[in-house]
Amino acid sequence: MSTDNSIQQSSADERPGDKPGDKPDDRVVIFDTTLRDGEQSPGASMNLDEKIRIAEVLEDMGVDIIEAGFPIASDGDFTCVNEIAKMVKDSTVCGLARATAADIDRCGEAIRPAASGRIHTFIATSPLHMKYKLQMEPEEVLVKVTESVTRARQFTDNVEWSCEDGSRSDHDFLCRCVEAAIDAGAGTINVPDTVGYALPNEFADLIRMLKNRVPNMDKAIISVHCHNDLGLGVANSLAADEAGARQIECTINGLGERAGNAAMEEIVMALKTRNDHMPFRTGIKTEDIMRASRLVSAVTGFSVQPNKAIVGANAFAHEAGIHQDGVLKHAGTYEIMTPESVGLNKSNLVLGKHSGRHAFKEKLKELGYDLGDNAIQDAFKRFKDLADAKKDVFDEDIVALVDDEVVRANDTVRLVSLEILCGTVHKTPKAVLELDVDGDVKGCEATGDGPVDAAFNAIKQLFPHNARLQLYQVHAVTHGTDAQAEVTVRLEEDGRTVNGQGADTDTMVASVRAYVNALNKLLVKREKTAPDAISA
């Protein structure tokens, strides 16, 4: 049995970013669930290598707890949690489990290799969920609370218990469940706003109520997990923090089901920027925020909206003349934080067709990438091709290029070559395509209503599937007619959706890359099953 309870005890003060003399009560534990709740977002799918890369970045930036997956969901999910548990040393690795013996045992096995492991078990406590989803009486649920936490304690002393739909639960019953969970050995009590229904003041009141009414509440940390259905995920998390919660569950870029989860970057920077009003601290190295945001966006195929707080392309852009004038005179007039504080560094290193491998490698470091030798070699070759095609190579071009290379690192299906015939001369557009499928190179010709349709029809010939195209979207990475096109494709098959992305100066090549990337993600998602709700 693991006895590492470091996240809950004073050794949490040793995390990066802490200062000598800080009070333990000031410390907010950051629990990142990008790899679990984030991956449940429709369209998102990550394979083992992608999850490991994200886990490495999360550990580097000082995340306290990494929820690596839902081990019972599939063999692939189990393997991801298990492999991340073997690799991560400085963060606690957590797995999710329903309140059933099979889930908890599988989760305990998955986290066994971790230097610090946690089991996060949950059951719904709201009248609505108990009646219609669980089909269980409140007293039956209460028994499950004690049984599940007790069983989880057989594997680790670090157990978290969650009351699903906690914000809509009856207060009296919720207090009984929380007290029972703590008595059974839960060191963290998570109160989720599962459907994003709460308002900040009432959610804060809920946290205060638990602190005041649950007699053993002082023996556990209160955590919150807020969804963003009303756009209040971050606001509710911060309100709960002020009310006494000391763990916040969140995701990079706010990724998650429906409208997403509370965004980690917004929470961390709010606490840092408004420390005068919220005197709390985290162990997050904020300079790694952009690096994490870019990687998650590239891996999941979810582009960050330009006006997204902290990590959006326009977050530090100023177009209005009066704003530009103010910023030039003093950055503080319109910037409440510096771009450098989140990892957006202004670079003096300009790359072009004559730039060498060393300069390219330094540029990657500036942009927050740490690639292996083989990946750098492949990315450098594509950079040289890009520099031959474009007059100016911007940082955004390199980000798109490297992201495109990274997400393709272990694909089953790869683009080998593409030729498109279309226009006024060729009345029926035709695509000539070659794909590498598990090392076997195949080629074909196909026609369609347009060049994109012809190319996608060719893919279907070479790799037959029944997925439907739900979204095809193109945007330019930078300005100018020689700009790279970044294409997003969304495919749906049997209720599963995946996003794929591709970038190239040739829009058709980018389109095929995006479609093939989506197909590879679909292969990963086919392995996963959505666990059913617990029933009596």
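The values are calculated or read from the model by the stated rules, or taken from the named source; none is laboratory data. Since the model is a prediction, treat every value here as computed from it, not as a measurement. Neighbour counts run over all protein chains shown; Cβ positions are idealised from the backbone, glycine included.
Of note:
For every residue, the table says whether it meets (1) touching a residue at least 12 places away in the same chain (Cβ under 8 Å); (2) closer than 20 Å to residue 38 by Cβ.
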| residue | (1), (2) |
| --- | --- |
| 72 | yes, yes |
| 75 | yes, no |
| 85 | yes, yes |
| 101 | yes, no |
| 125 | yes, no |
| 132 | no, no |
| 144 | yes, no |
| 147 | yes, no |
| 151 | yes, no |
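- Strands (runs of 3 or more DSSP E) within region 29-108 that include 3 or more residues of a type in the set (A, V, I, L, M, F, W, C) and surrounded by 24 or more Cβ atoms within 10 Å (Cβ to Cβ): 65-69, 92-98
- Count of region 509-523 residues which are surrounded by fewer than 21 Cβ atoms within 10 Å (Cβ to Cβ) and among the β-branched types (Val, Ile, Thr): 1
- Criterion violated by residue 63 - all others in (1) under 18 Å from residue 249 (Cβ atoms); (2) modelled with pLDDT under 90 satisfied: (2)
Matching residues to (1) surrounded by fewer than 23 Cβ atoms within 10 Å (Cβ to Cβ); (2) in contact with an Asp or Glu (Cβ under 9 Å, 6 or more places away or on another chain); (3) not in a strand (DSSP E or B):
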residue	(1), (2), (3)
223	no, yes, no
226	no, yes, no
230	yes, no, yes
236	no, yes, yes
250	no, yes, no
257	yes, yes, yes
265	no, no, yes
272	yes, no, yes
277	yes, yes, yes
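- Restricting region 238-248 to residues that are among the charged types (D, E, K, R) and assigned to a helix (DSSP H, G or I), the residue that is farthest from residue 287 (Cα to Cα): 242
- Within region 369-391, the residues that satisfy the criterion of being charged (D, E, K, R) and either under 24 Å from residue 343 (Cβ atoms) or in a helix (DSSP H, G or I) (or both) are 370, 373, 378, 381, 382, 384, 385, 388.
- Selection count, region 169-193, where residues are of a type in the set (D, E, K, R), surrounded by fewer than 22 Cβ atoms within 10 Å (Cβ to Cβ) and touching a residue at least 40 places away in the same chain (Cβ under 8 Å): 1
- The condition of being touching a helix residue (DSSP H, G or I) at 6+ places or on another chain (Cβ under 7 Å) and in the same structural domain as residue 68 (by TED's automatic domain parsing) holds for only one of 241, 157, 170, 183, that being 170.
- Qualifying position, being within 26 Å of residue 278 (Cβ to Cβ) and in contact (Cβ under 8 Å) with a residue 60 or more places away in the chain, among 166, 196: 196
- Being of a type in the set (D, E, K, R), surrounded by 15 or more Cβ atoms within 10 Å (Cβ to Cβ), out of contact with any Gly (no Cβ under 6 Å at 6 or more places or on another chain) and closer than 30 Å to residue 257 by Cα is a condition met by no residue of region 462-477.
- Candidates 55, 44 - the one that is modelled with pLDDT of 95 or more and among the small types (Gly, Ala, Ser): 55
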